[in-house]
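Here the structure comes first, spelled out in structure tokens, and everything after it is commentary.
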Amino acid sequence: MSTVFPGIFAFPPARSRPAVRAVKGATVTRPKEPMTVWMISAATNTSLDVARGKIMFGSYALENFKNLITQQNLWGAMKNSFVYSIVQTVASLFICSLAGFGFELYHDKGKDRLFGILLLAMMVPQVATMVPLFKMMSQMGLLNTVWGFILPSLSTPFLIMMFRQNSRNFPLDLMQAARIDGLSEIGIFFRMYVPIMRSTYAAAAVITFMNAWNAYLWPKVVLNQADAQTMPMLIANLSAGYSIDYGVLMMGVLFCSIPTMIVFFILQKQFAEGITGAVK
């Protein structure tokens with residue numbers, strides 16, 4: 001007999017609830033799979049077939065790939081995106097984790113006020129800062145460089161807040177014991193905090209890498225040379241013009257999507273743990 005809630009709702013027995021959750025999970029995740037399959041199939045078809053909505057796989061994958069590398073500097077854009085994304089991910093993880101470590105484990109009222117001011121920065125739209133940031137980068141000679149790409153997003157309030165919140169699960173007794181044993185504060189951070197918070201680092205790495213890889217607006221402003229373009233800029237170039245080859249465009253989208261999918265699949269377990277605030 002199912003447990004009936006007074007009024008309208010009826011809940012299944014406890015034994016069947018895992019199955020219900022599994023069905024709900026499949027319902028949530030499966031709608032994304034057809035889009036991925038269609039993206040792959042579109043990359044193997046001609047532009048006319050894609051425009052007609054053909055779903056079956058075609059035989060033009062090699063031709064679309066040849067046209068892609070002929071029309072655009074694919075390997076240069078892939079290299080730039082990897083360099084920019086990896087550098088930004090590593091630098092952001094270090095700075096934001098250090099800030100979150102300090103805000104939570106060296107807690108006082110002054111830091112709370114400063115953290116509140118920092119959170120207000122999340123309300124400022126990125127577009128509002130484009131012109132002053134461009135002037136700053138131009139005066140510093142950082143246009144078309146990796147530093148011009150990563151400096152505006154090197155430290156984000158969201159990542160700092162994420163590290164601070166998850167740092168609340170950090171064992172303070174272990175920190176006190178390390179101080180008694182003579183370990184310095186920097187040593188506590190690198191030798192204890194970083195290993196224990198590795199799931200949070202994994203979640204933050206996924207978020208930062210994807211944001212850096214998929215960034216378009218700021219790179220379009222600060223990277224104005226062809227040899228400095230990223231993958232999203234390459235996709236935009238393919239979709240510009242009077243005649244668009246949709247097969248080539250989808251081949252470019254496929255190459256642009258593969259790295260982020262690989263990163264997420266590798267770190268998906270740690271990502272789930274880090275989002276929920278788990279520590280090890």
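Given the options ALA203, ALA42, ALA51, state which has the largest fluctuation in a GNM of the chain using a 10 Å cut-off (strictly under) for Cα springs.
For the chain, modelled as a Gaussian network with Cα springs under 10 Å, the answer is ALA51.
Strictly over 28 Å apart at the Cα level, which of LYS79/LYS135; LYS54/LYS220; LYS66/LYS220 would you flag in this model?
Numbers: LYS79/LYS135 26 Å; LYS54/LYS220 33 Å; LYS66/LYS220 26 Å.
Check vs 28 Å cut-off fails for LYS54/LYS220.
As a footprinting exposure proxy, order TRP38, TRP213 by other Cβ within 10 Å, with the fewest listed first.
TRP38, TRP213
Could you tell me which of rounded, prolate or oblate describes segment 142-183, using a ≥ b ≥ c as the square roots of the eigenvalues of the alpha-carbon gyration tensor, with rounded for a/c under 1.5 and, failing that, prolate when a/b is larger than b/c and oblate otherwise?
oblate
For the pair PHE57/ARG113, report the inter-label distance in nm, with labels modelled 7 Å from Cα in the Cβ direction.
6.3 nm
Assuming R0 = 22 Å, what is the FRET efficiency of LYS220 and TRP75, from their Cβ-Cβ distance, to the nearest 0.05?
0.60
Report relative contact order for the chain in percent, whole number only (criteria: Cα-Cα under 8 Å, sequence separation at least 6).
29 percent
May I ask you to derive the FRET efficiency for GLN268 and LEU142 from their Cβ-Cβ distance with R0 = 41 Å, giving the value to the nearest 0.05?
Approximately 0.75, to the nearest 0.05.
What is the extension gain from LEU174 to ILE244, computed as 0.36 nm multiplied by their sequence separation minus the C-alpha to C-alpha distance, in nm to one decimal?
Roughly 19.2 nm would be gained on extension.
So how do PHE94, PHE189, PHE103, PHE149 line up by other beta-carbon neighbours within 10 Å, fewest first?
PHE94, PHE189, PHE103, PHE149
So what's the projected area for segment 61-275, the Cα convex hull averaged over all directions, in nm²?
Quarter of the Cα hull surface area: 14.6 nm².
Quick check for me: using +1 on Lys/Arg Cβ and -1 on Asp/Glu Cβ, what's the dipole size of the chain about its Cα centre, in debye to the nearest 20?
Its charge dipole is roughly 640 debye.
Any read-out appearing in this document is the output of simple, stated calculations on the displayed coordinates, not a laboratory observation. What you see is a predicted model; the values in this text were computed from it and never measured. Positions of Cβ are generated from backbone atoms using ideal geometry, with glycine treated the same way; all protein chains shown enter the neighbour counts.
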